[in-house]
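Chemist: I have a structure I would like to understand better, so I am pasting it below and will then ask my questions one at a time.
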Amino acid sequence: MEPGVQELRELEKCAAEVRLQIVQAMGPGKAHHFGGSLSAADLLVALYFYKMRHRAREPGWPERDRFVMSKGHGVPALYVCLARAGFFPTSELAGLKEFGSSLQGHPDMRKTIGLEANTGSLGMGLSVANGMALAARVTGLDYRVYALLGDGECQEGQVWEAAMTAAHYGLDNLTAIVDRNELQAMGRTEERMSLEPIVEKWRGFGWRTREIDGHSMSEICTALDDAARTRGAPSVIVAHTVKGKGVSFMEGRPGFHNAKLTDEQYRNAVAELEAGIASLGG
C-alpha cells in the first residue's frame, strides 16, 4: 500500500534530519564523503523507514530484507539510518572514522551491527546481492534484497557481469538502485566514462527499469512498491539525484566527493540543513 500524505511528510522530514546528522557526524577538519552520502539520504530513508522489513533487536532475523551498500563510501548515510532505526545508539555516530570505532569509513560487517556486507572496492556489491537473492530461493525464505550503486561505480565491468547473472536467474526478489548524481570523484561521469543511455543498458541486460527523481519521496516509495510486485526479472531504479543535496555550496560539486570542511563551512552547512528541517515543520 502506497504511503499517505502524512507518512510522506514524516519520511521527508526524516530525510532532512538524516542529512543534518550526516554532516554533524562528519564534522569539520576531517576528510569525509559528503557528496554521495547526502545524495542518497532520501533513498535510504525510504528503504529503512518505509519499505524494508528489519528488526533492530534481532539483526540476524532470517526473514529480514537485506541491504547492500555497494557504493561503500556513502556509508555515513547508512550509519545514521541504522542508528535511527535502533541498531545502535545515535551517540556512536560521533565516533565516525575514528580508530577503534565501530563506524569505519567503509562498511565492515564485523564491526557494525546491521550491516550485511563489507564493501568499498567498487563494483562488488551487486554480486553479493545476487548471492543473497539466490540464497533466499534455495532456503525458501521470503525476503527481498536491495543494493545501492553509485553511477560512477557502473563503469566497473563486474556490475554488468552481475546484472547479466541476475537476469539469467530471474532474481525478482532483487532490486538495484543507481544513485544517478552524474558526478564521481574526479568530475562528471559523462566526461570520465559515459554511461548513457544508462536506463536502456539495464533494460538490455534483462532488468525491469524505472527512472525517478531520487529526492521525491513519493516517487521513491512508488518505485519500491512496483519493484516488489515485479515477477520473473530483477528490478533497477535509476534515481536522479544531486550530489551534496541540501548544502548549497556542496551541491553539484565534485570537490565534495571526499573533502574536509572548514569550521565556517561546517557552521554554514548545519545552518542550511537546520533551516531545511524547520521549513518542513521540524
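Chemist: Mind listing just one residue for me: the one in region 10-69 that is out of contact with any strand residue (DSSP E or B) (no Cβ under 8 Å at 6 or more places or on another chain), charged (D, E, K, R) and in a loop (DSSP other than H, G, I, E, B) and, of those, modelled with the lowest pLDDT?
Modeler: 30
Chemist: If you don't mind, there's one more thing I want to ask. If you check every pair at least six apart or on different chains, which have Cβ atoms under 6 Å apart with a residue in region 248-259 that is aliphatic (A, V, I, L, M) first and a residue that is in a loop (DSSP other than H, G, I, E, B) and crowded, with 18+ Cβ neighbours inside 10 Å second?
Modeler: 250/244
Chemist: Follow-up question, since we're still on this one. Please pick out the residue among 199, 178 that is within 29 Å of residue 257 (Cα to Cα) and under 17 Å from the mean Cα position of the chain (by Cα).
Modeler: 178
Chemist: Among 80, 45, 18, which is the only one that is surrounded by 18 or more Cβ atoms within 10 Å (Cβ to Cβ), among the β-branched types (Val, Ile, Thr), farther than 28 Å from residue 142 by Cα and under 17 Å from the mean Cα position of the chain (by Cα)?
Modeler: Result: 18 is the single residue among 80, 45, 18 that is surrounded by 18 or more Cβ atoms within 10 Å (Cβ to Cβ), among the β-branched types (Val, Ile, Thr), farther than 28 Å from residue 142 by Cα and under 17 Å from the mean Cα position of the chain (by Cα).
Chemist: For residue 196, work out the one condition from (1) under 25 Å from residue 250 (Cα atoms); (2) assigned to a helix (DSSP H, G or I); (3) acidic (Asp, Glu) it doesn't fulfil.
Modeler: (2)
Chemist: Sticking with this one: Exactly one condition in (1) in contact with a helix residue (DSSP H, G or I) (Cβ under 6 Å, 6 or more places away or on another chain); (2) under 30 Å from residue 259 (Cα atoms) is not met by residue 50; state its number.
Modeler: Of (1) in contact with a helix residue (DSSP H, G or I) (Cβ under 6 Å, 6 or more places away or on another chain); (2) under 30 Å from residue 259 (Cα atoms), only one is false for residue 50: (2).
Chemist: Only one of 128, 145 is touching a strand residue (DSSP E or B) at 6+ places or on another chain (Cβ under 7 Å), surrounded by fewer than 20 Cβ atoms within 10 Å (Cβ to Cβ) and closer than 12 Å to residue 68 by Cα. Can you tell me which?
Modeler: Being touching a strand residue (DSSP E or B) at 6+ places or on another chain (Cβ under 7 Å), surrounded by fewer than 20 Cβ atoms within 10 Å (Cβ to Cβ) and closer than 12 Å to residue 68 by Cα holds for just one of 128, 145, which is 128.
Chemist: Among the numbered criteria (1) in contact with a helix residue (DSSP H, G or I) (Cβ under 9 Å, 6 or more places away or on another chain); (2) surrounded by fewer than 22 Cβ atoms within 10 Å (Cβ to Cβ), which one does residue 203 miss?
Modeler: (1)
Chemist: From the set of residues in region 193-208 that are in contact with an Asp or Glu (Cβ under 8 Å, 6 or more places away or on another chain) and touching a residue at least 12 places away in the same chain (Cβ under 8 Å), which is farthest from residue 51 (Cα to Cα)?
Modeler: If we take residues in region 193-208 being in contact with an Asp or Glu (Cβ under 8 Å, 6 or more places away or on another chain) and touching a residue at least 12 places away in the same chain (Cβ under 8 Å), then 195 is farthest from residue 51 (Cα to Cα).
Chemist: Can you tell me which residues in region 83-96 are surrounded by 16 or more Cβ atoms within 10 Å (Cβ to Cβ) and either without any contact (Cβ under 8 Å) to a residue 40 or more places away in the chain or not in a loop (DSSP other than H, G, I, E, B) (or both)?
Modeler: Result: 83, 84, 87, 88, 92, 93.
Chemist: Could you list, in sequence order, the residues of region 176-192 that are part of a loop (DSSP other than H, G, I, E, B) and either at positive phi or free of Cβ contacts under 8 Å to residues at least 40 places away in the same chain (or both)?
Modeler: Answer for region 176-192, where residues must be part of a loop (DSSP other than H, G, I, E, B) and either at positive phi or free of Cβ contacts under 8 Å to residues at least 40 places away in the same chain (or both): just 182.
Chemist: A further question on this structure: Go through (1) of a type outside the set (A, V, I, L, M); (2) modelled with pLDDT of 95 or more; (3) part of a loop (DSSP other than H, G, I, E, B) and name the single condition residue 99 misses.
Modeler: Here residue 99 clears every test but (2).
Chemist: Based on what the data block shows, is residue 250 touching a Phe, Trp or Tyr at 6+ places or on another chain (Cβ under 7 Å) and not polar (S, T, N, Q)?
Modeler: Against the criterion (touching a Phe, Trp or Tyr at 6+ places or on another chain (Cβ under 7 Å) and not polar (S, T, N, Q)), residue 250 qualifies.
Chemist: What about residue 65, is it surrounded by 15 or more Cβ atoms within 10 Å (Cβ to Cβ), free of Cβ contacts under 8 Å to residues at least 24 places away in the same chain and at negative phi?
Modeler: no
Chemist: Taking region 250-268 as the region of interest, how many residues are within 21 Å of the chain's Cα centre (by Cα) and either surrounded by 16 or more Cβ atoms within 10 Å (Cβ to Cβ) or not in a helix (DSSP H, G or I) (or both)?
Modeler: 9
Chemist: List the pairs whose first member sits in region 109-135 and is closer than 23 Å to residue 97 by Cβ and modelled with pLDDT of 95 or more, whose second member is surrounded by fewer than 20 Cβ atoms within 10 Å (Cβ to Cβ) and of a type in the set (Phe, Trp, Tyr), and whose Cβ atoms are under 8 Å apart, counting only residues at least 6 apart or on separate chains?
Modeler: Matching pairs, first to second residue: 112/88; 113/88; 114/88.
The values are calculated or read from the model by the stated rules, or taken from the named source; none is laboratory data. What you are looking at is a predicted structure, and each value in this text was computed from that prediction instead of being measured. Please note: Cβ atoms are built from the backbone with ideal geometry, for glycine as well, and neighbour counts cover all protein chains shown.
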